[in-house]
């Protein structure tokens, strides 16, 4: 399962693998790079990812991009 998000204008994806969440930056060309400095708690439910990403990346919020939005 891969969930994609627009995090205040930044495209990221989250994948569940072996009881853990993995976070990736997404490029416009489809290249995905792993984010190692953000750890998503393993017990977090998929429905809680939007709020968690909002909490972690809130400093990126702007008038143009005020929210975290699930893309798929």
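Here are some notes:
- Per-residue extension of 0.36 nm, minus the Cα-Cα distance of residue 28 and residue 16, leaves a gain of 2.1 nm for this segment.
- Computed from the C-beta positions of residue 37 and residue 64 and an R0 of 25 Å, the FRET efficiency is 0.50 to the nearest 0.05.
- Three semi-axes of the equivalent ellipsoid, the chain, Cα gyration tensor, whole Å, largest first: 19, 15, 11
We did not get these values from a lab; they are worked out from the coordinates using the rules stated. These numbers come from a predicted model, not from an experiment. Please note: Cβ atoms are built from the backbone with ideal geometry, for glycine as well, and neighbour counts cover all protein chains shown.
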